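Structure record follows, encoded as structure tokens.
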Amino acid sequence: MADMINNEEILRTDALTLGKKIKAGELTSVQVTSAFIDAIRAEDGKYNSFITVSDDALDEAAAIDEKIKAGELTGSLAGVPVAIKDNICTKGMLTSCASRMLSNFIPPYDATVIRKIREEGMVILGKTNMDEFAMGSTTETSFYGPTVNPRGENRVPGGSSGGSAACVAADLAPVALGSDTGGSIRQPASFCGVTGLKPTYGTVSRYGLVAFASSLDQIGPIGKTAVDCAALFNIISGIDERDQSSAESSKIDVDAVSSFDVKGKKIGIPKEYIGEGIDEDVKARVMEAVKYFEDNGATVETFEMPIIEYAIPTYYIIACAEACSNLSRYDGVKYGYSPDGVEDLMDLYIRSRSEGFGMEVKRRIMLGNFVLSSGYYDAYYNKALQAKALIKKAFDEAFGKYDVVIGPVAPTTALKAGESLSDPLKMYLGDICTVLINIVGLPAVSVPCGNDREGMPVGMQIIGKHFDEQTILGFAASFQKGGRS
Ligand code: GLN
């Protein structure tokens, strides 16, 4: 029975199918896990998508196989391996946030999502590369070196969850977890040609997620298909007393996602999402995808959303303000990088932060402290909160009329390596289509919808009402079922 499917096929197979085959006894978790671990060891030198590869994965898989056999684990993804972004705490396994500051941090506890993943019987393959502290859009600011996009030589994988998207795209993991503060699941999924879900704020516990900007951060799944993302979302979501902002939400009906019909659904497209500054190929692919929905009975309307103009400043003010406060805990005393031979307490603070943080993180700490300082607080931070209220109002109005809002994930496809390191402002502007969603806490999925003229993947973004992951994943699944990618 064990040779019914070979290793190469295992690597290409989606997570739910692997889960089914493991349950049916056609495959074991050990077989599947060793196929992925071997592939990572053989191939990841090219991509650098992992920071840490687990030494325990095969032992974990063997124990899980026993439990599956005994009928103790019956979930749809039991025995299936998963890769985890390196800002999610894993007990006993390095959780570095791709920063020198946490390059020695071995958490003594699991994040809630990790506890849930272990309870399901999924196997952790390792920890994936990312922009330092999740700040960036290219996975080039990592202390452990950049990740390479498996879909194009010399192209960035996007960020900050670039390692998670790249390892799924390279068939080194069937599914992965990322985090999304302003697009960090959706944009790398788009650049690497895989599917990524940023869930409604509060549906997935942030306990054990190293904080970047707490009012925006959200953990979510990346996979080969929307249906896999739905299944993984069901495992990691749920209210958690350890996260004060977590909310009760209902589970997704995965079968209903698979058989979703877009007929009669209403799609709204903000004109600004297909206007100036958006690459022609990106626009064309997204509009072709929308046409597919229209051909299948959905109605489509464009509408104006001028508030999009304020998306980038609003996001960067709020994100940096929260980041500078969250990152003040790294002082060289409690945990993390601490230099030798310091002279006094001030020297310890200065040297641990100067040497422990990279350029992009320092830039954000300075920006954050500036917008929160007395004299500027009203001019910047309070203004951003006012803009946030207006953005929320604009989406409330849109969702009064439409079931989903569709646009591109990013204005371009994957950038060339090195391009945005020299020009951070350009990098920030690339977040124009994703950051609004975090500001108002909505769910959104990134779905591959063809390639640009250079063969790089384009991502369509489907945005839903709060807690309506079901509908946006349904749209995505119906597109993928139609043979579109
Ligand atoms: N690119 C955005 C930023 O640099 C988003 C990052 C994220 O979602 N973690 O802030």
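The values are calculated or read from the model by the stated rules, or taken from the named source; none is laboratory data. Note that this is a predicted model, so its numbers are computed, not measured. Cβ placement follows ideal geometry from the backbone for every residue including glycine, while neighbour counts extend to all protein chains displayed. We work out accessible area using only protein heavy atoms, side chains counted, and drop any ligands, DNA or RNA first. Shrake-Rupley method; radii C 1.70, N 1.55, O 1.52, S 1.80 Å.
Select from the stretch 360-379 the residues that are at pLDDT below 95 and open to solvent by 70 Å² or more (accessible area, probe 1.4 Å) and list them in ascending order.
Those that are at pLDDT below 95 and open to solvent by 70 Å² or more (accessible area, probe 1.4 Å): S374, G375, Y376, Y377, D378.
Would you mind stating whether I235 is under 18 Å from R115 (Cα atoms) and open to solvent by 80 Å² or more (accessible area, probe 1.4 Å)? First the steps, then the outcome.
On the way: under 18 Å from R115 (Cα atoms): yes; open to solvent by 80 Å² or more (accessible area, probe 1.4 Å): no.
In short, no.
Which of the following residues is under 18 Å from H466 (Cα atoms) and either more than 16 Å from the ligand (Cβ to nearest atom) or assigned to a loop (DSSP other than H, G, I, E, B) (or both): D217, D171? Walk me through how you get there before you give the answer.
Numbers: D171 fails: under 18 Å from H466 (Cα atoms).
Criteria check complete, one pass: D217.
Have a look at V405, V342 and point out the one that is aliphatic (A, V, I, L, M), under 20 Å from E469 (Cβ atoms) and outside any helix (DSSP H, G or I). Break it down into steps so the answer makes sense when it comes.
Details: V342 fails: under 20 Å from E469 (Cβ atoms).
Going through V405, V342 in turn, just one is aliphatic (A, V, I, L, M), under 20 Å from E469 (Cβ atoms) and outside any helix (DSSP H, G or I): V405.
Within the stretch 295-320, restricting attention to residues that are under 14 Å from K271 (Cα atoms), more than 23 Å from the chain's Cα centre (by Cα) and assigned to a helix (DSSP H, G or I), which residue is modelled with the lowest pLDDT?
Kept after step one, since they are under 14 Å from K271 (Cα atoms), are these residues of the stretch 295-320: 300-309.
Right, trim to more than 23 Å from the chain's Cα centre (by Cα) and you get 300-307, 309.
The next check asks that each one be assigned to a helix (DSSP H, G or I); those that pass are 306-307, 309.
Numbers: P306: 96, I307: 96, E309: 93.
Applying the filter and picking the extreme gives E309.
For the stretch 188-213, name all the residues that are under 19 Å from Y428 (Cα atoms) and either of a type in the set (F, W, Y) or open to solvent by 10 Å² or more (accessible area, probe 1.4 Å) (or both).
Scanning the stretch 188-213 gives F191, F212.
Report, ordered by the first and then the second residue, all pairs with beta carbons closer than 8 Å, sequence separation of six or more or different chains, a first member in the stretch 208-220 that is at positive phi and modelled with pLDDT of 95 or more, and a second member that is more than 9 Å from the ligand (Cβ to nearest atom) and open to solvent by 10 Å² or more (accessible area, probe 1.4 Å).
Listed pairs, sorted by first residue: G208/Y109; G208/D110.
Based on this model, can you work out whether V361 counts as closer than 18 Å to S328 by Cβ, over 25 Å from the mean Cα position of the chain (by Cα) and in contact (Cβ under 8 Å) with a residue 12 or more places away in the chain?
no
Restricting the search to the stretch 145-158, which residues are open to solvent by 10 Å² or more (accessible area, probe 1.4 Å) and within 13 Å of the ligand (Cβ to nearest atom)?
Selection gives nothing.
Regarding R115, is this residue over 27 Å from P448 (Cβ atoms) and either more than 16 Å from the ligand (Cβ to nearest atom) or open to solvent by 20 Å² or more (accessible area, probe 1.4 Å) (or both)?
On the way: over 27 Å from P448 (Cβ atoms): yes; either more than 16 Å from the ligand (Cβ to nearest atom) or open to solvent by 20 Å² or more (accessible area, probe 1.4 Å) (or both): yes.
So R115 fits the description; yes.
Given the structure, is G430 within 16 Å of the ligand (Cβ to nearest atom) and closer than 30 Å to S237 by Cβ?
Numbers: within 16 Å of the ligand (Cβ to nearest atom): yes; closer than 30 Å to S237 by Cβ: yes.
Yes: the conditions hold for G430.
Within the stretch 278-294, is there a residue that is open to solvent by 30 Å² or more (accessible area, probe 1.4 Å), in a loop (DSSP other than H, G, I, E, B) and hydroxyl-bearing (S, T, Y)?
Step one: filter the stretch 278-294 for residues open to solvent by 30 Å² or more (accessible area, probe 1.4 Å), giving 279-280, 283-285, 287-288, 291-292, 294.
Filter once more, so that each one left must be in a loop (DSSP other than H, G, I, E, B): 279.
After this cut, where a residue has to be hydroxyl-bearing (S, T, Y) as well, the list is none.
Checked the stretch 278-294: no residue is open to solvent by 30 Å² or more (accessible area, probe 1.4 Å), in a loop (DSSP other than H, G, I, E, B) and hydroxyl-bearing (S, T, Y).
Which condition from (1) on the phi > 0 side of the Ramachandran plot; (2) open to solvent by 50 Å² or more (accessible area, probe 1.4 Å); (3) touching a residue at least 40 places away in the same chain (Cβ under 8 Å); (4) not aromatic (F, W, Y) is the one that S325 breaks?
Condition (1) is where S325 drops out.
Which one of these is open to solvent by 20 Å² or more (accessible area, probe 1.4 Å), under 26 Å from V156 (Cβ atoms) and not in a loop (DSSP other than H, G, I, E, B): K388, K383, K426?
Numbers: K388 fails: under 26 Å from V156 (Cβ atoms); K383 fails: under 26 Å from V156 (Cβ atoms).
Testing whether each residue is open to solvent by 20 Å² or more (accessible area, probe 1.4 Å), under 26 Å from V156 (Cβ atoms) and not in a loop (DSSP other than H, G, I, E, B) leaves just K426.
Which one of S96, S142, S103 is touching a Ser or Thr at 6+ places or on another chain (Cβ under 6 Å), more than 16 Å from A173 (Cα to Cα) and open to solvent by 10 Å² or more (accessible area, probe 1.4 Å)?
Exactly one of S96, S142, S103 is touching a Ser or Thr at 6+ places or on another chain (Cβ under 6 Å), more than 16 Å from A173 (Cα to Cα) and open to solvent by 10 Å² or more (accessible area, probe 1.4 Å), namely S103.
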